[in-house]
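Enquirer: Pasting in a structure now, in structure tokens, and then I'll have a few things to ask.
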């Protein structure tokens, strides 16, 4: 099939892009990498009278680091930065290892060559990796409209499947990831029917130790276990303040999964997702703890 007719716009600045979105309102849609939107348009599952292509806006691309900021610093990634560029970035691998490890799970290399960091997060698929990473790392999203730019914590961004709290006329312009620093460990685990498919169930985890060798920060986020990515605060609380060798990954994993409401669909029943999810969380936590302890 072919998409319905639309008018194509190719702005060169953020100001021009948000101006077009404000002018055309609900009839306009921003276009990032296009992996999801173009398919939906081609199948006529959705349609818009105006597409605003963000690909020619230099302000939306690139990776910048701030290693002198609060705590350990931060890494800010422009929304239109390709996933493959993040995958190859030495700064991302060094400062935000969880993000670097999660990106290779996204589709296949052809997808990552076109897919963007901002597009994936704004699409808000609960089974995809980048929303879960943003949630686990307490990332902050920059949202820009004609009224200016505001910062949205990842914890406040995802409202339901494919839906965010971005306001009409806003575009996601960047994502800032805090740096955890030394004595940290991270892991990504997921189950998919085939490599590159969306996860049936998955998790991203992080563990950080303080100067005394105790766990002072823990992060567990789940994919495919609800209508949004899920942050497991109660499970994390079981780890904070404890010694790494006293942690019980299986018990923590059970707590993480207990509060979830995974879908029951043609890909897997909810009971299977819970069972697999608990195993994945336990495995990821054990790996994160080992890395934090041994480097």
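To keep it simple, each residue is scored yes or no on (1) over 19 Å from residue 166 (Cβ atoms); (2) surrounded by fewer than 17 Cβ atoms within 10 Å (Cβ to Cβ); (3) in contact with a strand residue (DSSP E or B) (Cβ under 8 Å, 6 or more places away or on another chain); (4) at pLDDT 95 or above.
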position: 1; (1), (2), (3), (4): yes, yes, no, no
position: 6; (1), (2), (3), (4): yes, yes, yes, yes
position: 22; (1), (2), (3), (4): no, yes, yes, yes
position: 30; (1), (2), (3), (4): no, no, yes, yes
position: 35; (1), (2), (3), (4): no, no, no, no
position: 51; (1), (2), (3), (4): no, no, yes, yes
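Enquirer: Next up: Taking segment 21-49 on its own, how many of its residues are within 22 Å of residue 125 (Cβ to Cβ) and touching a helix residue (DSSP H, G or I) at 6+ places or on another chain (Cβ under 9 Å)?
Expert: Residues that pass the stated criteria total 14.
Enquirer: Here is a follow-up. Of the residues that make up segment 123-135, is at least one in contact with a strand residue (DSSP E or B) (Cβ under 7 Å, 6 or more places away or on another chain), modelled with pLDDT of 95 or more and surrounded by fewer than 19 Cβ atoms within 10 Å (Cβ to Cβ)?
Expert: Taking every residue of segment 123-135 in turn, none turns out to be in contact with a strand residue (DSSP E or B) (Cβ under 7 Å, 6 or more places away or on another chain), modelled with pLDDT of 95 or more and surrounded by fewer than 19 Cβ atoms within 10 Å (Cβ to Cβ).
Enquirer: Take the residues of segment 264-288 that are part of a loop (DSSP other than H, G, I, E, B) and surrounded by 15 or more Cβ atoms within 10 Å (Cβ to Cβ): which is modelled with the highest pLDDT?
Expert: From segment 264-288, those part of a loop (DSSP other than H, G, I, E, B) are 264-269; that's our starting set.
When the remaining residues are screened for being surrounded by 15 or more Cβ atoms within 10 Å (Cβ to Cβ), the result is 267-268.
Details: 267: 91, 268: 95.
Once the filter is applied, the top-ranked residue is 268.
Enquirer: If a residue counts only when it is in contact with a strand residue (DSSP E or B) (Cβ under 9 Å, 6 or more places away or on another chain) and farther than 21 Å from residue 288 by Cα, which helices (runs of 4 or more DSSP H) contained entirely in segment 60-113 have at least 1 such residues? If you could, list the steps in order and put the result at the bottom.
Expert: Working: elements: 83-88, 90-95, 97-102.
By residue number, 83-88.
Enquirer: Regarding residue 120, is this residue part of a helix (DSSP H, G or I) and closer than 17 Å to residue 140 by Cα? Before you say what the answer is, go through the steps one by one.
Expert: On the way: part of a helix (DSSP H, G or I): yes; closer than 17 Å to residue 140 by Cα: yes.
Considered against the rule, which asks whether it is part of a helix (DSSP H, G or I) and closer than 17 Å to residue 140 by Cα, residue 120 comes out as yes.
Enquirer: Given the criteria more than 9 Å from the chain's Cα centre (by Cα), modelled with pLDDT of 95 or more and assigned to a strand (DSSP E or B), does residue 141 qualify?
Expert: Values: more than 9 Å from the chain's Cα centre (by Cα): yes; modelled with pLDDT of 95 or more: yes; assigned to a strand (DSSP E or B): yes.
Yes; evaluated as a whole, the condition is true for this residue.
Enquirer: Could you list, in sequence order, all residues of segment 212-232 that are closer than 16 Å to residue 160 by Cα and surrounded by fewer than 24 Cβ atoms within 10 Å (Cβ to Cβ)?
Expert: From segment 212-232, those closer than 16 Å to residue 160 by Cα are 221-231; that's our starting set.
Passing the criteria: 226, 227, 228, 231.
Enquirer: Determine which member of the set 18, 92, 52 is closer than 29 Å to residue 138 by Cβ and in contact with a helix residue (DSSP H, G or I) (Cβ under 6 Å, 6 or more places away or on another chain). Step through it out loud before you land on a result.
Expert: Working: 18 fails: in contact with a helix residue (DSSP H, G or I) (Cβ under 6 Å, 6 or more places away or on another chain); 52 fails: closer than 29 Å to residue 138 by Cβ.
Sole residue among the options that is closer than 29 Å to residue 138 by Cβ and in contact with a helix residue (DSSP H, G or I) (Cβ under 6 Å, 6 or more places away or on another chain): 92.
Enquirer: For segment 185-203, state whether one or more residues are surrounded by 15 or more Cβ atoms within 10 Å (Cβ to Cβ), in a helix (DSSP H, G or I) and in contact with a helix residue (DSSP H, G or I) (Cβ under 8 Å, 6 or more places away or on another chain).
Expert: no
Enquirer: Pick from 261, 236, 255: which is touching a helix residue (DSSP H, G or I) at 6+ places or on another chain (Cβ under 9 Å) and not in a helix (DSSP H, G or I)? So that I can check it myself, show each step before the final result.
Expert: Values: 236 fails: not in a helix (DSSP H, G or I); 255 fails: not in a helix (DSSP H, G or I).
Step by step, each of 261, 236, 255 is checked, and only 261 is touching a helix residue (DSSP H, G or I) at 6+ places or on another chain (Cβ under 9 Å) and not in a helix (DSSP H, G or I).
Enquirer: Working only within segment 11-56, note down all residues that are part of a loop (DSSP other than H, G, I, E, B), within 20 Å of residue 117 (Cβ to Cβ) and under 24 Å from the mean Cα position of the chain (by Cα).
Expert: 32, 33, 34, 35, 36, 54, 55, 56
The values are calculated or read from the model by the stated rules, or taken from the named source; none is laboratory data. Quantities reported herein were computed from a predicted structural model and do not represent experimental measurements. No Cβ is skipped: glycine too gets one built from the backbone with ideal geometry, and neighbour counts run over all protein chains shown.
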